[in-house]
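Asker: Have a look at the structure that comes next, please.
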Amino acid sequence: AASDVYKRQGSNYTLSVTAGAVDTYEWFKVGTATSLGSSSSLTLTNLTATNAGSYFVKLNPLTGCAAGKNSDTVRIGVDAPIAFTTNLSATTQNFCVGQNMSLSVAVSGTGPFTYSWKEGTTNVGTSQNSYAKTTTAGAFTYNVQVASASGACPSVTSNTANVQVNNAPSNVTISGFN
């Protein structure tokens, strides 16, 4: 059966096979006729998008034995690293109680992505690149951790957004008139 492997762009990956009574090995990428190697392992270095695809090895038995056999395929996905294209601002943002607050980020890399929003150390939202709420009084910090669904690339954490929510002035009285 075929299996899937996801690796980070720029990393190395080694495919290997264990087989008895084999005379030669020939590694191939599905869709190409050129042999990529002739040992029991194939190392792909500095992976790029061109390395993505399915690979198999043709096992040629010792002379006089049965015909050669192809292995199952391994599909390699190559994920680009996650990077913020729009990050949270570290400048304090001010709101009045009851206002709607919205924070958002944008990332590049190979998705889909998961988003885990935190208010301080408490998880408050997931799975979206934005977080919104109606504000209550206080000082708050927010950040978001972004991960790729494949897990091939390390997750990244945004800048910390500082939010200050103030009570609106009430009963304004002007004095000093005669």
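The values are calculated or read from the model by the stated rules, or taken from the named source; none is laboratory data. Being a predicted model, the structure only gives us computed values, none of them experimental. Positions of Cβ are generated from backbone atoms using ideal geometry, with glycine treated the same way; all protein chains shown enter the neighbour counts. Surface accessibility is based on the protein's heavy atoms, side chains included, excluding ligands, DNA and RNA. Shrake-Rupley method; radii C 1.70, N 1.55, O 1.52, S 1.80 Å.
Asker: Over the chain, calculate the relative contact order: mean separation of alpha carbon pairs under 8 Å at least 6 apart, over the residue count, as a percent. Spell out each step's value before the answer.
Answerer: On the way: 403 pairs, mean separation 35.9, N = 178.
Across the chain, relative contact order equals 20 percent.
Asker: Which ³J(HN,Hα) values in Hz, rounded to whole numbers, follow from the phi angles of the range 67-78 under the Karplus curve 6.51 cos²θ - 1.76 cosθ + 1.60, where θ = phi - 60° and Gly and Pro get x?
Answerer: 5, x, 9, 8, 6, 5, 8, 10, 8, 10, x, 10
Asker: How would S11, S35 line up by accessible area, probe 1.4 Å, largest first? All intermediate terms of the calculation are to be shown ahead of the outcome.
Answerer: Numbers: S11 20, S35 55 Å².
From most accessible down to least: S35, S11.
Asker: Further question on the same structure: With charges only on Cβ, +1 for K and R and -1 for D and E, what is the dipole size of the range 1-75 about its Cα centre, in debye, rounded to 20?
Answerer: Numbers: 6 positive and 4 negative charges, 41 e Å.
In total the dipole reaches around 200 debye.
Asker: Under a point-charge model restricted to the Cβ atoms of Lys and Arg (+1) and Asp and Glu (-1), what is the dipole moment magnitude of the chain relative to its Cα centre, in debye to the nearest 20? Intermediate results must be reported in sequence, preceding the final value.
Answerer: Working: 8 positive and 6 negative charges, 14 e Å.
Taking the Cα centre of the chain as origin, the dipole is about 60 debye.
Asker: Where a Cα-Cα gap under 30 Å defines reach, which lysines qualify for K69, not counting those fewer than 8 residues away within the same chain?
Answerer: Qualifying lysines at Cα under 30 Å: K7, K29, K58.
Asker: Can you tell me which of S89, S102, S116 moves the most in a GNM of the chain? Springs connect C-alpha atoms under 10 Å apart.
Answerer: Maximum among the listed residues: S102.
Asker: Name the residue, out of A106, A80, A147, whose mean-square fluctuation peaks in a Gaussian network model built on the chain with Cα pairs under 10 Å.
Answerer: Its mean-square fluctuation being the largest, the pick is A106.
Asker: Hey, what did the range 75-133 get for relative contact order, percent, Cα under 8 Å, at least 6 apart? Could the numbers behind the result be given before it?
Answerer: Working: 72 pairs, mean separation 20.1, N = 59.
The normalised contact order for the range 75-133 reaches 34 percent.
Asker: Keeping every protein chain present and rolling a 1.4 Å probe, give me the accessible area per residue for the range 54-118 in Å².
Answerer: With all protein chains present, the range 54-118 gives 53 Å² per residue.
Asker: Expressed as a whole number of Å, what is the distance separating the alpha-carbon centroids of the range 1-50 and the range 87-129?
Answerer: Each part's Cα centre sits 40 Å from the other's.
Asker: If every alpha-carbon in the range 115-178 counts as one equal scatterer, what log10 I(q)/I(0) does Debye give at q = 0.11, 0.19, 0.25 1/Å?
Answerer: -0.41, -0.79, -1.10
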